[in-house]
Protein chains: 2
Amino acid sequence: MYKGGYTGKILRINLTDKTIKEEPLLPKTAKDYIGGAGFCIKYLYDEVKAGADPIGPDNKLIFASGPFSGTKIPCASRMAVGGKSPLTNAVGLALTGGHFPVELKFAGYDALIIEGKAAKPTYIWIKDGEVKFRSAKNLWGLKTTDCQQIIKNELKDQNVRIACIGPAGENLSKIACIINEMRAAGRKGLGAVMGSKNLKAIAVRGTAALAIADKEKLKGARKEMTTAMKNSPVLYSHFAKMGTSGIMDAMCALGIFPTKNFSATGEFAPVDELGEEMQKTRNVGSESCYGCPVGCSQLKMARTTPYQGILSEGPEFESLYSFGGVTGVDNIDSVIAADRLADELGLDTISAGVTIAFAMELYEKGILTTKDTEGLDLHFGNHETMLVLLRMMAFREGIGDLLADGSKAMAEKIGKGTGKLAMHVKGLELPGYDVRGAKAHGLNYATSYTGADHNRGYAPQEIFGIPVPYAVDRFVAEGKGKLTKWNQDVRTATCDAPTMCGFLLDMALIGSAPQNTASLMKAVTGLEYTSDDIVKVGERINNLARAFNVREGFTREDDTLPERLMAEPLKDGASKGQCISKEDLKLMLDEYYMERGWDNTGVPTREKLVELGLEIVADDLACK
Amino acid sequence: MYKGGYTGKILRINLTDKTIKEEPLLPKTAKDYIGGAGFCIKYLYDEVKAGADPIGPDNKLIFASGPFSGTKIPCASRMAVGGKSPLTNAVGLALTGGHFPVELKFAGYDALIIEGKAAKPTYIWIKDGEVKFRSAKNLWGLKTTDCQQIIKNELKDQNVRIACIGPAGENLSKIACIINEMRAAGRKGLGAVMGSKNLKAIAVRGTAALAIADKEKLKGARKEMTTAMKNSPVLYSHFAKMGTSGIMDAMCALGIFPTKNFSATGEFAPVDELGEEMQKTRNVGSESCYGCPVGCSQLKMARTTPYQGILSEGPEFESLYSFGGVTGVDNIDSVIAADRLADELGLDTISAGVTIAFAMELYEKGILTTKDTEGLDLHFGNHETMLVLLRMMAFREGIGDLLADGSKAMAEKIGKGTGKLAMHVKGLELPGYDVRGAKAHGLNYATSYTGADHNRGYAPQEIFGIPVPYAVDRFVAEGKGKLTKWNQDVRTATCDAPTMCGFLLDMALIGSAPQNTASLMKAVTGLEYTSDDIVKVGERINNLARAFNVREGFTREDDTLPERLMAEPLKDGASKGQCISKEDLKLMLDEYYMERGWDNTGVPTREKLVELGLEIVADDLACK
C-alpha cells in the first residue's frame, strides 16, 4: 500500500444524473500504472466500450495527475487528460502543466473521471472535496482567457485554477483542445469530448497537503534529479532562455523542418526570423509550471502591424512549425497572433496549422477555389487568411466547417484523391519533424497509440545525437524498432505516468530516468520498484493502450505514414533525397512488433500480456 | 481629528529619484476635502504649477479613494485619479470603481501621489506598506488584460489588484485612460500622464482593516442609505439588470441621443438593437465593484461574425453612444468589440468614438480622403474601419496618429475650419447627451472644470424628470445656472469626494445625499458636518478646481460649447428645433457665475474664496 504522494481518491462525476462519487485509488492500480497516462488508459480500457461514440455520453474524460504533483519534486505539476479521441477513434491522451494539476491534488484527488452528458452548459467547481455543478450558460461562447477570469470573479476567488474549452470545443471541432491558464492539453480533440458533455470548465481549489513516505529518502532522490538538471549542458543555459523555440536552428540544420504542407524542403529560409530573431525581439519573459525551476515557457509579444501588442505564451516550436513553416508563413507576429488566437478559441495549434496548410496546398493546386473559400486567398504564406481561418474553424463558419475536424475528415469530405496530401497518422496531424530525415520519429508516429504524436516516443537520439541507449543513424531504418520501443516505454514510464516533464528526460535524465523514478516512487509513495519495473510500467501502459485500439478495430494497416512521406524524397537540405520507403516502414514495423512481443499483425501476444499482468486483456482480445 | 475610515497616510512616490515617502493626511485636508476628487484637486492646486507640461515630469498623478472605501458601506469602492490633463490643460479628473481602490486602503493609504518620471519602464508594487519599483520592460506594449495577468503571475499572487495603461498611454495618446480589471479611469488622457512617467502599472495588495469611529452610528447611517436604495423605483428593478444601457430608450425618446457626429437627429433608428435587443441577446452576467449589492456592470458577448465570442464589460451607455450612435454604427457586436478593444488598448471610449465620428464626418465631406486614410473607408457606420482605427490610434499608426490626441488637436492639425465640427469643450469630447435638448447638461459641459464631462454635474432633473431641488423644463435656459451649481456641488460633495457611486445619487439619494454623507462621515470618521457643510465641501472643491484652471489661463471664453450645438437646431425627434443659442449660453453663464459668487469673467471673487476658507487662493489669483 502506498504511503504518500497519492491522495488515494478518485473523483467520479456523472453529468447525466449529476452524481458525485469518491472512489479509492486501488493500490494495484497505483503500483501497476503509477498515475497520469497510466491511470487514464487503465480507466479508458476498463470503462469505455469498443465502438463508443467519442462525442457521445458513453465516452469518458479523465484528468489524472501523478504521485509527485504537489510535492517538492520539481517539474511534476502535470496531468494527463484521456478519453477516446474524436479525431482518431483511438486512445486520446494529452498532457499539460501549469497549476491546475497540483490544485486538483490539493483539492483531494489523484484523478477525475467525467461521465455522461449534462443537459445544459455546466461547469464543475471542486473545492477541497466539495463538488458543485454550476451553470455555464453565460460562459458558453467565451474564449478561454475570459472564461477563466469570469469564473474566478464569479467564485470570488482569484486563486481558483481552471481547465476549460473555447468555442472550438463547444462546436465539437475534432481538433479542439482543453486550456488551463494559457496551456493546452492540446491534441486528439479532447476539447470536443468536453464540449460534447456540455462541460465548459472545471474549476479547482484545494488546500490539503500531501503525505510523503520517507522525507529523508526524498531529499536524496530529489538531489539526484536536480544535480542531473544542473549538469545538463542545455537545460538552464539554453532551454530556460529559449524554450522549445530553441530547436528551430537544429531542425533546419538537419533539414527536417517541414514546410508548405511537407511539399517543399526541410529547411525554412526565414528560420532566423522564427527562431533567434523572434526570441531576441519578441521575448517578454517566461512562465513556470508549479514548482518548476526552469520556466521554459516563453512569453512573446507581437511588434508589427496589425498584430502589435498581442501576447502569446509560446509559440512553442510546434506552433512555429504549424503556423510558420508548414503554412509557409514567415511573418513572426502573425505566428504569435495565431498561437494566441488558437489558445483563445481552444484549437490545437498543430492540428489547426497543419489542416490550414493542407487547405493551402489544395488551393494552390486548384482543388479548392475562391468559390469554396468565399473569396479568401489561401496561398501558402498568407498570414491574414490563416488568422481568419482559425476563427472560422472554431465557429464552423463557411469553409471553416470543412477544416474544423482536421485534415483526415477534410480529405474524406473533398475526395478527389486529396487524402494523400493530408498529413496525419490515424487522423492526428503530424508534428514538426519531417520524419523522412528522422526515421525513428517516423516509426513512432506510425505506432504511437495516439497517432502521429511526437510526445509518446520522442527520439532525442536523432535530434540531439544522444547515444542512449545506443547511437543511431537517423537515415537508417534498421534498429529503429528496438529504439522506438525503448523511447516509448521509458517516456511513458518516467514522464507520462508520473506526470514528470518530458524535457527533463531529453535534456537531463535520459539514461538515469528509470532509476530516478524508482527512487522517487519509493521515497514519496513507499512503493518498491527496480528501474526495470519502472520501464515495465511503461510497457504495460503501451500494451494496454494498444489493446484498446485493437479492440476498436485498428490493425497493422493503420500503423502507417502519409503517402507523401513514403513517395516523395526531400528535395533539398541536409536530408535531401531521404524518404521512408514502404520497405523501410515494413522493416521497422516488423522489428518493432517483434521487440514488443506482438504478432506480425501488430496484436500483442498472450505471452506478452500475461508477462505484463494483463491476462484479462488477452482474454478480451482472444489473443493467442 | 478623524477617528476612522482614513488610513491617515498619503504615499508619495517620486519616479525620478525613486524615493518613497509616507506623509500624514492632515486633519484639515480630510475635513475640508473629504477624499477622492477633493484630495486630487487640493494636491494638484498646491503642487502642480501653472504651465506645467501635462506629459512632463512636473505633472503629478494622484490616486485617492474615499473615507468609506473598504468599510461596510456599499458602493464606496471607488477612487479619483487626478492630474493636469494633457487633453484639456485643465484639471484632469476621472473616477473608477472595481477593487483597486479598496485594496489601496487595505495596503495602508488614502492617496498615492506619483511624481517625476522613471528612467525606464517601471511598475510600482505596494504590499501592506512596502513599496517596490519593478521593471516594466517586458510589460511595455501589452494590452491591459494581459498586463494585469502577467503581473499577478510575476508577483505570484493572484489577489493583487492592478491599475495599468495600455499601448495608448505608452504612446502618449491624449485620450488614453487607466484601466483596472476591465474598468477605466477613462477621461482626460490621464493614461498619457502615466505613460509619460514611464509607469506601466501600479499593483496593490493589502490586508489591513479600517477603524470605524462609531459602529452603532454606522449601522444607522448605512440603514438610511440601503433603505433609500431599496425604495428606489429603478435601482434594483431595472438598473441592476440593464446597467447604464438601460437609458438608451429614454434618451431616444427625449430626442437627445447624438448621432453621426451630432449632424443628424437626436434619435437613432436602430435604438432597439443597441438597447433592449443587446441586453436580451448579448448579456452574459454582471460584475460588481467591491461591496456593491447592485452590480450594474453588464457583461456582453458578441454573437456574430467576425466578432463572435468577444466579451466586454459594458458597453456602458456612453460607449453605445460613442461606438454606436455618434459613429452611425448599428452593428451591435462591433460595438461590443470596440468597447473591449478600447479597454485593451487603454483608450477612453467616449473620446475615441467621438474622434472617429469627427473623422467620419470629415471623410463624408471630402476633407479627409482615401489618400489620407490609406484606403480606409471612413463613411459613417463602417464598423470594420472603426475597429481598425482604434488600433491605429493606440499605436499612432498612419492616420491613427492624427486621431490619437482627440478631436481638438485633430482639428488644429487639419485646419480648414474643421474646428466647428469637432465636438468637444476645452478639448474633452462630448458624452452621449445632445445638450441642445437638455440645457442644464449644456451648461454643465460648458462650466465643468474638466471640460465636457457629464459626470461632474449630471442633471437627472432633465433626463428622469426628478423635481429635486426643483422641477425644470429641459428646453429652457432660465434657472439652469442655479441648478447646475447645485448639481455640481452636491455631486462633488456626495460622490466624487467620498468616492461614492454617482448612480446612488441619481437613483436613490438625490434629496437626502448631503445629510446621508454627513451621517456617514460622523459614524466612520467622527468628523462633524451639517448637510450644508457637506455641500460646502463640494463648492470648495469646485472653486479650487476653477482656480487651478484660471491660473492656467482659462477664461470665460473657454466656457463654451461646440459651434454646431449653438448654430444648428436638432432636425427631428422630440427635441426638434432645439439648440443652445449664444444668447442662451450667455444667460446661463451669467446666472451660473452669479450663483457661484464669481465675477462675470468667471473668476471666483475674493469674498467667495474667503467664505470657503480659500483666502490663499484669492491671493494667488489676485482676486478682487
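Bear in mind these aren't lab numbers, they're just calculated from the coordinates by the rules spelled out. The structure presented is a predicted model; accordingly, all values stated were derived computationally and were not measured. As a convention, Cβ positions derive from the backbone with ideal geometry for all residues, glycine included, and neighbour counts pool all protein chains shown.
Summary table
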quantity	calculated
Cα-based shape type of segment B:479-624, given that a ≥ b ≥ c are square roots of the gyration tensor eigenvalues and the cut on a/c is 1.5	oblate
Inter-chain shielding of A:145-153 (mean C-beta neighbours from other protein chains, 10 Å cut-off)	4
Three-way shape label, segment B:245-423, alpha-carbon gyration tensor, a/c 1.5	prolate
Position residue B:465, label points 7 Å along Cα→Cβ, spacing to each other copy in nm (shortest first, one decimal)	8.7
Between segment A:521-567 and segment A:172-251, the alpha-carbon center distance in angstrom	20 Å
Of the DSSP H helices in chain A, those whose Cα atoms cover at least 27 Å axially and whose Kyte score averages -0.5 or more	A:531-551
Cβ nearest the rotation axis (B onto A), residue from chain B and distance to the nearest whole Å	B:158, 2
Under 14 Å from the Cα of residue A:576 - aspartates and glutamates, other chains or at least 8 residues apart	A:267, A:434, A:568
For residues of A:96-106, the mean tally of beta carbons on other chains within 10 Å	0
Percent of C-alpha pairs per 10 Å bin, segment A:166-219, short to long	24, 33, 15, 19, 9, 0
Given charges at Cβ of Lys, Arg, Asp, Glu: segment B:9-205 dipole, positive-most of B:144, B:13, B:169	B:144
Spread of Cα-to-Cα distances over 5 Å intervals beginning at zero, given as percent, for segment B:9-205	1, 9, 18, 23, 24, 16, 7, 2, 0
Relative contact order [Cα under 8 Å, 6+ residues apart], segment A:245-423, whole percent	17 percent
Extended-chain gain in nm, criterion 0.36 nm per residue less alpha-carbon gap, residue A:227 and residue A:374	47.2 nm
For segment B:42-63 and segment B:436-493, distance of Cα centres in Å	29 Å
Proximal lysines to residue A:223, defined as alpha-carbon separation beneath 16 angstrom and excluding residues fewer than eight positions away on the same chain	A:72, A:215, A:522
Over segment A:495-585, relative contact order from alpha-carbon pairs under 8 Å, at least 6 apart, %	14 percent
Under 11 Å, Cβ to Cβ, from residue A:96 - net charge with Lys/Arg +1 and Asp/Glu -1	+2
Average other protein chain Cβ within 10 Å of Cβ, residues B:159-166	1
Among B:598-611, B:66-79, A:144-157, the order from most to least packed when residues are scored by Cβ within 10 Å on average	B:66-79, A:144-157, B:598-611
Pairs beyond 25 Å (Cα-Cα), from A:152/B:21; A:105/A:156; A:143/B:127	A:152/B:21; A:143/B:127
Inter-copy label distances at residue B:619 (7 Å, Cα→Cβ; nm, one decimal)	10.2
For segment A:1-53: rounded, prolate or oblate by the Cα gyration tensor [a/c cutoff 1.5]	oblate
Nm distances between copies for residue A:571, ranked from closest, using label points 7 Å along Cα→Cβ	6.0
Cβ-placed point charges (K, R +1; D, E -1), dipole of chain B about Cα centre in debye, nearest 20	1560 debye
Net charge over other residues, Cβ less than 15 angstrom from the Cβ of residue A:108 (K, R count +1; D, E count -1)	+2
Overall Cα dimensions of the protein assembly as shown - principal axes, largest extent first, Å	107, 65, 56
Quarter of the Cα convex hull surface for chain A, i.e. its orientation-mean projected area (nm²)	23.9 nm²
Average Cα contact separation per residue, chain A, under 8 Å, 6 or more apart, as relative contact order %	16 percent
